[in-house]
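Just so you know, all these numbers are worked out from the coordinates, no wet-lab data involved. Since we're looking at a predicted model, the values are computed, not measured. Cβ: placed from backbone, ideal geometry, glycine included. Neighbour counts: every protein chain shown.
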Amino acid sequence: MPLWPQNIHQDLHLWNLTESTDAWINLAESNAYSFNNNPPNRRDIERFATLLLLKEAKLEDQLQYNEFGKPILRDSRFISISHDKNLVGIIIQKEETGLDIQTVEERIHRIANKFCNEYELNQFQSTEERTAIWCTKEAIFKYFGTDVPFAESITVTTINWNSEEILANYNGVHGSRIFTLKLMNLNNTFVVYTL
């Protein structure tokens, strides 16, 4: 069931994957779509939901991928795609963009030292903070599309839960810049995108 657009961001489209397998099969039949597996697995459903979001945004024929696997649009706008468990999303912008979706889970602590630098490990220790850091770095990686070592080139400096914004410094092969990102918490799943 699509959740947006609704006044949060006109070009952010999200689908909450609450439908039953039978409902997905019926939806695929009504859209002349064939799943790779019968019954469809999670990945099949995520791909199809992404296609439906693109269709809703009237972009189903615009999507292509560059040599690095980064999604791009033929009409010169920019797109980012993400999914996690029960949520699939796309964002379309006139400027480069990055989107990430991640469910808040304790297991993030097991890999924190792979994507957090020393400052972040000391400054941000809760599961929510570290999940927000992961989403931020994924969104910035998707913004550039290649050559973004998470711990070395990105430092999250501020997570403002009240304003739902994250600030991060990037310093790497793409130059230097300060990113402001939007953070939304939808039933313990974070949606983070570059502004």
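Along the stretch 171-178 the Karplus relation, 6.51 cos²θ - 1.76 cosθ + 1.60 evaluated at θ = phi - 60°, assigns HN-Hα couplings of 8, x, 5, 8, x, 10, 6, 9 Hz to successive residues, with x for each Gly and Pro. A Förster radius of 25 Å, combined with the Cβ-Cβ distance separating Glu105 from Asn160, puts the computed FRET efficiency at roughly 0.65. Of the residues Trp134, Trp15, Trp161, the one that moves most in a GNM of the chain with alpha-carbon contacts below 10 Å is Trp161.
This model, with +1 at the C-beta of Lys and Arg and -1 at the C-beta of Asp and Glu, gives the chain a dipole about its Cα centre of some 180 debye.
I need the calculated FRET efficiency for the pair Glu60 and Val173, taking r as the beta carbon distance and R₀ as 41 Å, to the nearest 0.05. Before the final figure, lay out each step's value.
On the way: r = 33 Å, r/R0 = 0.81.
Using R0 = 41 Å, I get an efficiency of 0.80.
Annotation: extensible slack from Arg43 through Asp22 equals 6.0 nm (criterion: 0.36 nm per residue apart, minus Cα-Cα distance). Each peptide in 34-43, 124-133 gets a packing score, the mean of other Cβ atoms within 10 Å over its residues, and the list from highest to lowest is 124-133, 34-43. Straight-line cross-link reach from Lys58 at under 23 Å between alpha-carbon atoms covers these lysines, not counting any fewer than eight positions away in the same chain: Lys70, Lys94, Lys142. Taking amide H positions as modeled 1.01 Å from N, with prolines and chain starts lacking one, no residue 5 or more places away or on another chain lies under 5 Å from Lys70. Place a point 7 Å from the Cα of Thr146 along the Cα-to-Cβ direction; which residues of the stretch 153-195 have their backbone N under 17 Å from it? 172-175, by backbone N distance to the label point. Note on the chain: Kirkwood hydrodynamic radius from all Cα pairs is 17.5 Å, rounded to one decimal.
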